[in-house]
Amino acid sequence: PTGKWTNKERVLIFSSRGINFRTRHLMQDLRTMMPHAKADTKMDRKDKLFVINEVCEIKNCNKCLYFEAKKKQDLYMWISNSPHGPSAKFLVQNIHTLAELKLTGNCLKGSRPLLSFDPKFDKEPHYALLKELFIQTFSTPRYHPKSQPFVDHVFTFTIADNRIWFRNYQIIEEDGSLVEIGPRFVLNLMKIFQGSFGGPTLYENPDFRSPNMHRREMRLAAAAKVREKQMVKEMQKGKKTSAKEDLESDVTADVFLTPAEEKPADIQTEAPEPKVVKKKQKAFKRQRMQMLSLHRNQYST
């Protein structure tokens with residue numbers, strides 16, 4: 001480009017340790033799409049977030065996209081105006097990278113994008129602030145040394161279901177027909193802070209539910225389902241047993257039975273006398289032998 005590069009926006013795109021391959025690919029896609037982006041080594045989890053402002057200063061960057069991984073499954077994205085703020089924190093959902101999407105679109109590397117925003121961005125103040133942050137971060141500065149001097153793709157930011165949906169399309173014809181290139185992701189806003197990576201909270205999303213809470217609700221719902229199944233089983237079992245009892249007990253069986261006379265109850269007040277068991281006295285063995293011999297003698301005589 002022949003003009004003078006005056007808008008010296010530089011974006012630092014990096015992450016914390018513990019991110020998965022998809023996040024790494026998403027970061028790489030964003031760096032390739034934004035020629036004014038810079039990379040840095042992964043940040044240690046133990047470090048405080050405001051250290052990023054110093055990293056931005058060392059790298060000579062005034063914007064930052066920081067991806068923070070938690071529990072090896074939840075991904076948060078910070079977008080910040082360093083070092084004075086404001087900054088916003090998002091939960092990133094439904095990530096699809098360039099390689100994964102396999103879409104037919106293709107645009108030149110370093111070409112400047114058009115930024116398309118949902119009309120809702122102008123209706124509410126927190127969205128208006130985010131719009132300005134997105135414009136300053138994602139739009140390639142004019143006459144940037146690494147950029148191409150023409151426009152052939154569009155970044156769209158759409159608001160639906162209280163989330164911001166990011167899409168990247170290539171302009172393929174002069175009539176404005178679009179083909180999606182990728183990457184694509186959904187940003188669920190958590191908070192907007194006055195400072196960079198901290199400070200007073202300007203806005204907190206009332207509809208936001210943390211992933212931990214969502215997982216807990218899913219587990220509770222599954223447990224309730226199991227309990228309901230068990231209750232239904234028990235009820236069916238109870239019904240079956242009651243039906244069996246009804247069949248076994250014949251109502252007409254005791255029609256001709258006459259009630260017996262009631263006898264007065266005889267209550268014993270004293271304990272019964274113990275029974276005396278007489279033992280048979282057995283003769284000793286020697287005596288038995290003598291008796292046998294006597295008997296034999298009598299028979300022999």
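The values are calculated or read from the model by the stated rules, or taken from the named source; none is laboratory data. Owing to the predicted nature of the structure, the values given are computational and were not obtained by experimental measurement. Cβ: placed from backbone, ideal geometry, glycine included. Neighbour counts: every protein chain shown. Accessible surface is based on the protein model in full, side chains and every heavy atom, while ligands, DNA and RNA are left aside. Shrake-Rupley method; radii C 1.70, N 1.55, O 1.52, S 1.80 Å.
Where the only charges are on Cβ atoms (+1 Lys, Arg; -1 Asp, Glu), what is the dipole of region 18-110 about its Cα centre, to the nearest 20 debye?
On the way: 16 positive and 9 negative charges, 45 e Å.
For this selection, approximately 220 debye.
At most 13 other Cβ atoms within 10 Å and a DSSP loop assignment: could you name the GluC sites (Glu not before Pro) in region 131-206 that fit? Within region 131-206, the qualifying GluC sites (Glu not before Pro) (loop, at most 13 other Cβ atoms within 10 Å) are GLU173, GLU174. Pairing the Cα long axis of helix 285-300 with the longest principal axis of the chain, what angle in degrees results, from 0 to 90 and rounded to the nearest 10? Approximately 40 degrees, to the nearest 10.
What would the Debye equation give as log₁₀ I(q)/I(0) for region 55-171 at q = 0.14, 0.15 Å⁻¹, counting only Cα atoms as equal point scatterers? With no solvent term, the Cα-only Debye profile gives -0.73, -0.84.
Relative to the longest principal axis of the Cα atoms of the chain, helix 211-248 runs at roughly 30 degrees. Here region 11-212 is treated with +1 on each Lys and Arg Cβ and -1 on each Asp and Glu Cβ, and its dipole about the Cα centre works out to around 780 debye.
The simple spin-label model puts a point 7 Å past each Cα toward its Cβ; for GLU262 and LYS72 those points are separated by 7.7 nm. Mind pulling the angle between the C-alpha long axis of helix 21-33 and the longest principal axis of the chain? Nearest 10 degrees, somewhere in 0 to 90. Orientation of helix 21-33: about 10 degrees from the principal axis.
What the phi angles of region 165-178 give under the Karplus curve with 6.51, -1.76 and 1.60, with θ = phi - 60°, is a coupling list of 9, 9, 9, 10, 10, 9, 8, 9, 10, 5, 7, x, 6, 10 Hz, glycine and proline written as x.
Can you sort ILE172, ILE135, ILE159 by solvent-accessible area, 1.4 Å probe, largest first?
Values: ILE172 80, ILE135 60, ILE159 15 Å².
Largest to smallest exposure gives the sequence ILE172, ILE135, ILE159.
Computed in the context of the full set of protein chains, the accessible area of the chain at 1.4 Å probe radius has 54% of its extent on carbon or sulfur. Our coupling estimate for region 49-60, obtained by passing each phi through the Karplus curve with A = 6.51, B = -1.76, C = 1.60 and θ = phi - 60°, is 5, 5, 5, 4, 4, 5, 4, 4, 5, 5, 7, 6 Hz, Gly and Pro reported as x.
Note down the Stokes-Einstein diffusion coefficient of region 11-212 in µm²/s, whole number, using a Kirkwood radius over alpha carbon pairs, 37 °C, and 0.692 mPa s. Show your work: numbers first, answer last.
Values: Rh = 17.4 Å.
Translational diffusion coefficient: 189 µm²/s.
When the chain is described by a simple charge dipole with +1 on each Lys and Arg Cβ and -1 on each Asp and Glu Cβ, the residue from PRO119, ALA260, LEU292 located farthest towards its positive end is LEU292. Projecting the Cα positions of THR140, GLY110, ALA37 onto the charge dipole of the chain (unit charges on Cβ atoms of Lys, Arg, Asp and Glu, taken about the Cα centre) puts ALA37 furthest along the positive direction. These residues, HIS295, HIS96, HIS126, HIS84, go from largest to smallest accessible area, 1.4 Å probe, as HIS84, HIS295, HIS96, HIS126. Taking the centroid of alpha carbons for each part, region 118-174 and region 1-71 are 18 Å apart. Remark: the THR158-ALA224 segment gains 20.1 nm on full extension, using 0.36 nm per residue and subtracting the alpha carbon distance. For the chain, DSSP calls about 70 percent of its internal beta bridges antiparallel. Ordered from largest to smallest accessible area (heavy atoms of protein chains, 1.4 Å probe), the residues GLU228, GLU124 come out as GLU228, GLU124.
Peptides 113-119, 217-223, 89-95 ranked from most to least packed give 89-95, 113-119, 217-223, packing being the mean of other C-beta atoms within 10 angstrom over each peptide's residues. Rolling a 1.4 angstrom probe over the protein heavy atoms with all chains in place gives the chain an accessible area of 71 Å² per residue. Using C-alpha pairs below 8 Å separated by at least 6 residues, the relative contact order for region 38-196 is 27 percent. A simple rule links phi to the HN-Hα coupling: the Karplus curve 6.51 cos²θ - 1.76 cosθ + 1.60 with θ = phi - 60°, which for region 111-124 gives 6, 7, x, 8, 10, 10, 10, 4, x, 5, 5, 8, 8, 10 Hz, with x for Gly and Pro. Treating each Cα of region 103-146 as one equal point scatterer and applying the Debye formula with no solvent, the log10 of I(q)/I(0) at q = 0.21, 0.34 Å⁻¹ comes out as -0.79, -1.22.
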